[in-house]
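The values are calculated or read from the model by the stated rules, or taken from the named source; none is laboratory data. Fair warning: this is a prediction, and the values are worked out from it, not measured in the lab. Every residue, glycine among them, receives a Cβ derived from its backbone with ideal geometry; neighbour counts consider all protein chains shown. To get the accessible areas, we keep the full protein, side chains included, count just its heavy atoms, and leave off ligands, DNA and RNA. Shrake-Rupley method; radii C 1.70, N 1.55, O 1.52, S 1.80 Å.
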Amino acid sequence: MLLRRYICFTLLMLYGSLHAQEKKIEAIKTSQAPRIDGILDDAAWAAIPPLVDFVQNFPSWGSPATQRTEVKLIYDNSAIYVGALLHDDPALIRKQLTARDEEQRSDVDYFSVFFDTYHDHQNGFQFLVTSANVQTDARLSPNLETDDGDYGDKTWDAVWESKTTITSQGWVVEMKIPYISLRFARKPVQDWGLQLLRFVRRNNESSFWSPVDPNVNGFVNQFGTLTQLRDILPPLRLSFSPYVSTGVRHIPQKNGYITEWLRNGGMDVKYGINESFTLDVTLIPDFGQVISDNVINNLTPYEVRFQENRPFFTEGTELFNKAGLFYSRRVGAVPVGYMGILDMAESDPNLRIIKNPATTQLYNAIKFSGRTKRKLGIGIFNAVTAPMRAELENRITGIRTKYETEPLANYNIIVLDQALKGRSYVTLTNTNVLRNGSSRDANVTAVDFSFFDKSNTYNLKGTGRYSKIISAAPSDGFNSSLRFGKVSGRIQYYGQWLIKSERYNPRDLGFLLTPNEVTYSGAISYNQFTPTKNFLNYNYSLTAIYNRLYKPDVFNIARVAASGFWLFKNFWDVNFSLGYLPDQHDYFLLGAPFTHYARRPAWGYAQLEGSTDSRKKLFFSYDGLLGTFFNTPNKRYHILELGLRYRFSNKLTLELSNRNEAETDYIVYAGAEASGEPIIGFVDFKDITSILSGIYNFTPRINLTLRARHYWSYVPYNRFAYVNAKGREIPRDPSLPAPDQDANVNIFNVDAFFTWDFRLGSRLILGYKNALSEFDEVNGGFKKYFSNFRETFNLRHGNEVTVRFIYFIDYNKLRKKR
């Protein structure tokens, strides 16, 4: 009995101590808003008690912050105001100028406030200001949390005010976050989740007002609480961003150049339908001023996934991406008939291309999203793309013929996301693509769930998807997965089962590397989150994957890997990995039906990667992988990637990177004989990518960015062969015509943008692009990298110069002026 009482008393004391650590403050309403000037001398701040006692998250979890921070919060009927005094030696404050949302890669101190406005412990908003008064903002959701200091989707841009000053006590930040930039319920009294973050760059120290324990899974669930927000009403959230753009494009063609005069105009509209839901509309958008894709010479049977850079498709799309079924590059992609037009002109010298659009024009797109009082997230996305037509002219007869390269299409997504207690959720997603006429339509429906126990230690998550293609050759398929793991604590682990049927296909609006697989995987890791004698932190992990085809039920690939990561006290880091893959039965190389496979030999690898102290002006990173093939000792494979960044001043930074990948006797698909017999080729490929990028920040709102990329891929064929029933090589008669030719591919791009944010939400952008012509190529005789690089400048290049003007109009301010 005595023991039982002692245990109960101990548990009660532990429970009480844990809950005593939960931080709460009562919101204070002001009748006189402070002026945002970076000086906390307004009467509104005078009697406000500051929030103090910040706790380190890194590098020494649980220790008090080394620098004192005092933060004051007040609110009125239109905005929340934050004033912070960050004590420090003024001479030691790092204050490099950066582009918006780039504080993680810079030498700068910063302060951030987070709000969980629905208090669901899963979703939220971040507003960050650097010591140089550069802003960052982000939308937070469970699937966007990372361990590298990025807590959400930074592509979301809000309109808010900030000002910083350097004083003898340290630095001061003052922020005004209008309710137009937030979403919250319409209730007379409400509580919000609240978190405050300070980052001191010189010792890479992150400290939080409400402690964030790295042993605990999740971030928003560790917020404190801002209570008793009274009588705040969501404003009429209506804003317009009209734009005009113009420019000229000079495009090389097979027998000359085409000059296009560019002119466009449109508008983005944001309308708050009610307190929680927002409608985003883009009308006749122009996405010309986006960075060029990292195009490669793809030797694999798998599609290359490109990064989305168009603002409308990157801002506020976290709800639509939750199920992983929205690959926004499908909307406005290259028309399906684009290459066919090029092939027609290539095969007939009498044909001249008059017009062949390389992208599909978007008529309009809308995003409707928000969350109800019962924490139900609702999202609707819809986009309509125009039919695209190419035009060819016969040089002899002068007759011009038009061809439809892409039909009129409608893309639609519906998402219902119910946040449950703790960090659990259930999500229903449906994607649908409808095309004009007899072109194919597609539909995918998915259910996702994630359940955490009360202690946030264990997690069970799963998915179920069903896809249906409606066309002359209809098909349907499914995809399911189930995963259970321990997600908090020093020791973490998971086990997962995944299945995709052979006809599962979400590619009309989503992305899929391979269908037709059953995969079993698992991992276990040990994580040391607090400093030891030699390291700030470290972890070890062991991962295993076993993969078979779904139909027929045969082995495909397996892999086991072990890795260790160490972060030293001088902020250098090292990651070392060892892996082993037995003989792979590659069925995807030869494609469906999955009756043939190519046998890739067993191999192992050692990989070493790391970086130096990013606080220094000179920063160096490296990644090297060396592969050893056990059954074919003469076969070699390696990757070597080096990166160098130098910070010349608080305004100018340049980066240079080079990646070299090569393999001998790599197996590729080389076509088929007239009989249908698949042919494989053995190549010694080399891929080298060099990127030079830089930024010069004139002010926090004016910058010039530059990015130049050269990619070289050299692919000489050694021999061609067939495969037998066991996937092994059957020599092909060398006297037969070669089904494929050696490749020497060079891709060169330059992107430069001058950006001036001349007022909140408004900007002027001057853009320049240069690209190597796709009709010209370096002679195959150049077999060295630098020879190819020099030769690219002797070939024709396309050029583009554009100007874009965007003006933000807030209806509320316009109404007040009137």
| remark: residue 59 fails exactly one of (1) touching a residue at least 40 places away in the same chain (Cβ under 8 Å); (2) out of contact with any Asp or Glu (no Cβ under 7 Å at 6 or more places or on another chain); (3) over 16 Å from residue 111 (Cα atoms), namely (2)
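Let's see how each residue does on (1) open to solvent by 30 Å² or more (accessible area, probe 1.4 Å); (2) over 22 Å from residue 192 (Cα atoms):
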| position | (1), (2) |
| --- | --- |
| 26 | yes, no |
| 29 | yes, no |
| 36 | yes, yes |
| 39 | yes, yes |
| 44 | no, no |
| 49 | yes, no |
| 66 | yes, yes |
| request: Could you check residue 805 against (1) surrounded by 15 or more Cβ atoms within 10 Å (Cβ to Cβ); (2) over 19 Å from residue 157 (Cα atoms); (3) of a type in the set (A, V, I, L, M, F, W, C) and say which number it fails? | output: (2)
| task | Report, by residue number, each residue of the stretch 77-98 that is open to solvent by 20 Å² or more (accessible area, probe 1.4 Å) and either without any contact (Cβ under 8 Å) to a residue 12 or more places away in the chain or within 30 Å of residue 699 (Cβ to Cβ) (or both). | result | 78, 85, 87, 89, 90, 91, 92, 94, 95, 97
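Take residue 594 and tell me if it is surrounded by 15 or more Cβ atoms within 10 Å (Cβ to Cβ), of a type outside the set (A, V, I, L, M), in contact (Cβ under 8 Å) with a residue 40 or more places away in the chain and part of a loop (DSSP other than H, G, I, E, B).
Values: surrounded by 15 or more Cβ atoms within 10 Å (Cβ to Cβ): yes; of a type outside the set (A, V, I, L, M): yes; in contact (Cβ under 8 Å) with a residue 40 or more places away in the chain: yes; part of a loop (DSSP other than H, G, I, E, B): yes.
Against the criterion (surrounded by 15 or more Cβ atoms within 10 Å (Cβ to Cβ), of a type outside the set (A, V, I, L, M), in contact (Cβ under 8 Å) with a residue 40 or more places away in the chain and part of a loop (DSSP other than H, G, I, E, B)), residue 594 qualifies.
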| query | Mind checking whether some residue in the stretch 578-588 is surrounded by fewer than 16 Cβ atoms within 10 Å (Cβ to Cβ) and part of a strand (DSSP E or B)? | reply | yes
| When residues of the stretch 587-615 are filtered for being among the small types (Gly, Ala, Ser) and in contact with a His (Cβ under 7 Å, 6 or more places away or on another chain), how many remain? | 0
| field | Failed condition for residue 550, given (1) among the hydroxyl-bearing types (Ser, Thr, Tyr); (2) part of a strand (DSSP E or B); (3) surrounded by 16 or more Cβ atoms within 10 Å (Cβ to Cβ) | value | (2)
| task | Could you grab me the full set of residues in the stretch 508-521 that are open to solvent by 30 Å² or more (accessible area, probe 1.4 Å) and either at pLDDT 95 or above or touching a Lys or Arg at 6+ places or on another chain (Cβ under 7 Å) (or both)? | result | 511, 520
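Do we find that residue 303 is of a type in the set (Asp, Glu), under 29 Å from residue 415 (Cα atoms) and modelled with pLDDT of 90 or more in this structure?
Values: of a type in the set (Asp, Glu): yes; under 29 Å from residue 415 (Cα atoms): yes; modelled with pLDDT of 90 or more: yes.
For residue 303, the condition - of a type in the set (Asp, Glu), under 29 Å from residue 415 (Cα atoms) and modelled with pLDDT of 90 or more - is met.
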| How many residues are touching a helix residue (DSSP H, G or I) at 6+ places or on another chain (Cβ under 8 Å), open to solvent by 40 Å² or more (accessible area, probe 1.4 Å) and either at pLDDT 85 or above or of a type in the set (Phe, Trp, Tyr) (or both) if we restrict to the stretch 353-378? | 0
| Do we find a residue being polar (S, T, N, Q), more than 30 Å from residue 349 (Cα to Cα) and assigned to a strand (DSSP E or B) anywhere in the stretch 275-296? | yes
| When only residues in the stretch 644-672 that are among the basic types (Lys, Arg) and in a strand (DSSP E or B) count, which is nearest to residue 634 (Cα to Cα)? | 659
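Please enumerate the residues belonging to the stretch 1-46 that are under 30 Å from residue 177 (Cβ atoms), assigned to a helix (DSSP H, G or I) and either among the small types (Gly, Ala, Ser) or at pLDDT below 90 (or both). Let's see the steps before the verdict.
Just the residues of the stretch 1-46 that are under 30 Å from residue 177 (Cβ atoms), to begin with: 19-46.
Retained after the next criterion (residues that are assigned to a helix (DSSP H, G or I)): 19-20, 43-46.
Answer for the stretch 1-46, where residues must be under 30 Å from residue 177 (Cβ atoms), assigned to a helix (DSSP H, G or I) and either among the small types (Gly, Ala, Ser) or at pLDDT below 90 (or both): 19, 20, 43, 44, 46.
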| Just one of 687, 665, 740 is touching a residue at least 24 places away in the same chain (Cβ under 8 Å) and surrounded by fewer than 16 Cβ atoms within 10 Å (Cβ to Cβ); which is it? | 740
| message | Please go through the stretch 222-232 and give me each residue that is over 8 Å from residue 179 (Cβ atoms) and aliphatic (A, V, I, L, M), ordered by number. | response | 226, 229
| message | Quick check on this structure: which one of 545, 524, 491 is within 27 Å of residue 465 (Cβ to Cβ) and open to solvent by 30 Å² or more (accessible area, probe 1.4 Å)? | response | 545
| message | For a quick check of your reading: which strands (runs of 3 or more DSSP E) sit entirely within the stretch 127-215 and have at least 3 residues that are open to solvent by less than 30 Å² (accessible area, probe 1.4 Å) and closer than 30 Å to residue 538 by Cα? | response | 135-140, 189-200, 205-208
| task | Within the stretch 299-310, track down each residue that is surrounded by fewer than 17 Cβ atoms within 10 Å (Cβ to Cβ) and in contact with a strand residue (DSSP E or B) (Cβ under 9 Å, 6 or more places away or on another chain). | result | 300, 301
